[in-house]
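The values are calculated or read from the model by the stated rules, or taken from the named source; none is laboratory data. If you're wondering where the values come from, they're calculated on a predicted model, not measured in any experiment. Methodologically, a virtual Cβ is constructed for each residue, glycine included, from the backbone with ideal geometry; neighbour enumeration extends over all protein chains shown.
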Ligand code: AHR
């Protein structure tokens, strides 16, 4: 079959931020996941202050004269003569604590003696088989809160270890913010991220990084919304918040799911910088989740919410002399983060949303006219609510509209032309949450779901003039603590599974090129007829032609890709990458990576590339051009 490529027919510039990541603390993605803290409920602030902890003997929870005013709870261990039960605490971690033999872990906590004098505190690690793999002790003295630090090197590897701390002498010790981190974190930061998970995100080569969600932006109630100001400053004093994913999906209740905000907005901005991704923070518009409480701020009371948006821009970009820029500088980043975009609202619907959004837009435009504003189009990608919101987004004049679609793979296969006839005059599109839900296979991350996304994404790329950004969702899930699937990355306490969907996203991001050009078969775009989908781009920085072809049929296809245009010549050997599986139900798991990119073959003869696109395959061909 012949495909024609027209390099002189440039369709659009592809934004460097086109393919990115959507991060939300769902499925233990932050606490218990990317955020490398190993102790759950380190500040005793969960609704039940001992969640995650087992009290060993005499333990009380107090609040008077606390170490941290915004996290006031602390534990008191009391050992008096004649108390044979002892006094101590054991933490279970996030579905266990992964400790590796010979690796270093940094233990920190704050303590004081409630009655003065000195006392001995023992601490150690216990495996899931109850073997003690590390034990040490230290002296605690004085009645003032003091920070204590120790390095732990466990003698055994066990993903489901526990951490224990107990009185070694008589006395009464107050203790708070008991924290255990691997010293080997991403970029070796103290309040750091899990190395393997951050690396997996880095390897996606994301152009944009949307945070902190999703629904947690909105909150179940307004009080429970994500308040970025609570997520900055010293980690010990960032007030805890329940994570709404603890109860939102009633058949997957996770009552030990809270947000410590250890991974907060400062850390998100740092990650964006590490990854070379544009930060895209999303803030509450003053409406709590409309599936839950629908709580609403009166228009007259909206100013603090608008201030949150303005202050965030100052926190990210303001001079270290400004109120919020100063806090950023004090946290160790005097240079601006160069924020260019902000989103207001997540999955809102009805008149109440544009009414509020408009006020944000007016205020942001007045103070920061260069900041791009992202509005939303609701929960679904079609229907009356969606049409109404798009009309309102045009009226208000936001720069981009966030679209969400979680649909079956067949939908993705049938909608690769979704944006071909989209209105070019209004705001641009941010496909901010999407994923193919393979219902026949219990929403597993099957190769079928990934292949349908690859096919669909040819349509995003062909329409890069209107679709400026796209992020798969959700990003990550702990195998023992998830609420929602499919997810792009699965992990346990020490390993990562890159799904076929991960590789689709990675291949698009790594091979986006700079400009899309026309590719046709029989003068038509390739969007599913003959089970073929294709897009072509130039990478003008490297003088390369990049073609992506998805063959969704169960037969291989012999393709001739001809470069048309008098001045253009293909040059050198093509590089081909293929994601393929004969079995559409294949998934990757911790034992086997069945689907991953492989090197493929193609031959260039004059200006034609010959390739056999295997059945069920996503093929990327890169070849140099001369002009
Ligand atoms: O990605 C999971 C959830 O899906 C998001 O939090 C929400 O925006 C959408 O409903």
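Annotations
- Residue count, the range 46-64 (criterion: assigned to a loop (DSSP other than H, G, I, E, B) and within 15 Å of residue 174 (Cα to Cα)): 5
- For the range 338-345, the count of residues that are assigned to a loop (DSSP other than H, G, I, E, B), in contact with a helix residue (DSSP H, G or I) (Cβ under 7 Å, 6 or more places away or on another chain), within 16 Å of the ligand (Cβ to nearest atom) and within 24 Å of residue 468 (Cβ to Cβ) is at least one.
- Selected residue (only one of 444, 440, 455, 450 is assigned to a helix (DSSP H, G or I), surrounded by fewer than 23 Cβ atoms within 10 Å (Cβ to Cβ) and more than 15 Å from the ligand (Cβ to nearest atom)): 440
- Qualifying residue in the range 479-494 (condition: outside any loop (DSSP other than H, G, I, E, B), modelled with pLDDT of 95 or more, in contact with a strand residue (DSSP E or B) (Cβ under 7 Å, 6 or more places away or on another chain) and surrounded by fewer than 24 Cβ atoms within 10 Å (Cβ to Cβ)): no
- The sole residue among 39, 14, 5, 26 that is touching a helix residue (DSSP H, G or I) at 6+ places or on another chain (Cβ under 6 Å) and in contact (Cβ under 8 Å) with a residue 60 or more places away in the chain is 26.
- Test: residue in the range 363-371 that is free of Cβ contacts under 8 Å to residues at least 24 places away in the same chain, surrounded by fewer than 17 Cβ atoms within 10 Å (Cβ to Cβ), under 24 Å from the mean Cα position of the chain (by Cα) and more than 23 Å from residue 423 (Cβ to Cβ): no
- Only one entry of 161, 172 meets the criterion of being in a strand (DSSP E or B) and within 29 Å of residue 65 (Cα to Cα), and that entry is 172.
- Scanning the range 466-485 for residues that are in contact with a helix residue (DSSP H, G or I) (Cβ under 6 Å, 6 or more places away or on another chain) and within 15 Å of the ligand (Cβ to nearest atom) yields 470, 472, 483.
- Residue within the range 118-127 that is loosely packed, with under 15 Cβ neighbours inside 10 Å, assigned to a strand (DSSP E or B), modelled with pLDDT under 95 and more than 16 Å from the ligand (Cβ to nearest atom) present: yes
- Considering the conditions (1) more than 28 Å from residue 18 (Cα to Cα); (2) within 12 Å of the ligand (Cβ to nearest atom), residue 252 is excluded by exactly one of them, (2).
- Where strands (runs of 3 or more DSSP E) sit wholly within the range 540-627, none has at least 2 residues that are under 27 Å from residue 411 (Cα atoms) and free of Cβ contacts under 8 Å to residues at least 40 places away in the same chain.
- The selection criterion, being surrounded by fewer than 17 Cβ atoms within 10 Å (Cβ to Cβ) and touching a helix residue (DSSP H, G or I) at 6+ places or on another chain (Cβ under 8 Å), holds for residue 69.
- Among the candidates 434, 406, the residue that is within 19 Å of the chain's Cα centre (by Cα), within 16 Å of the ligand (Cβ to nearest atom), buried (at least 19 other Cβ atoms within 10 Å of the Cβ) and at pLDDT 95 or above is uniquely 434.
- Matching residues in the range 264-283 - criterion: being touching a strand residue (DSSP E or B) at 6+ places or on another chain (Cβ under 8 Å) and within 30 Å of residue 359 (Cβ to Cβ): 265, 267, 268, 269, 272, 277, 278, 279, 280, 281, 282, 283
- The listed residues are 389, 413, and the only one of them that is more than 16 Å from the ligand (Cβ to nearest atom) and either closer than 27 Å to residue 445 by Cα or surrounded by 19 or more Cβ atoms within 10 Å (Cβ to Cβ) (or both) turns out to be 413.
- Given (1) more than 15 Å from the ligand (Cβ to nearest atom); (2) without any contact (Cβ under 8 Å) to a residue 40 or more places away in the chain, number of the condition residue 463 does not satisfy: (2)
- Residue in the range 349-371 that is in contact with a helix residue (DSSP H, G or I) (Cβ under 9 Å, 6 or more places away or on another chain), at negative phi, assigned to a strand (DSSP E or B) and within 16 Å of the ligand (Cβ to nearest atom) present: no
- Residue-level check: of (1) within 13 Å of the ligand (Cβ to nearest atom); (2) more than 21 Å from residue 584 (Cα to Cα); (3) free of Cβ contacts under 8 Å to residues at least 60 places away in the same chain, residue 425 misses just (1).
- Qualifying residue in the range 519-538 (condition: closer than 27 Å to residue 275 by Cβ and surrounded by fewer than 24 Cβ atoms within 10 Å (Cβ to Cβ)): yes
- Residue selected from the range 221-233 under the condition assigned to a loop (DSSP other than H, G, I, E, B) and away from the ligand (no atom under 12 Å from the Cβ), by the criterion surrounded by the fewest Cβ atoms within 10 Å (Cβ to Cβ): 223
- The set of residues from the range 3-30 being within 23 Å of the chain's Cα centre (by Cα), away from the ligand (no atom under 16 Å from the Cβ) and not in a loop (DSSP other than H, G, I, E, B) comprises just one member, 19.
- Residues in the range 245-258 that are modelled with pLDDT under 95, part of a helix (DSSP H, G or I) and closer than 28 Å to residue 309 by Cβ: 246 only.
- Of all residues in the range 372-386, those satisfying the criterion of being without any contact (Cβ under 8 Å) to a residue 60 or more places away in the chain, crowded, with 21+ Cβ neighbours inside 10 Å and on the phi < 0 side of the Ramachandran plot are 373, 375, 376, 377.
- Checked against (1) buried (at least 17 other Cβ atoms within 10 Å of the Cβ); (2) assigned to a helix (DSSP H, G or I); (3) within 15 Å of the chain's Cα centre (by Cα), residue 209 meets all criteria but (2).
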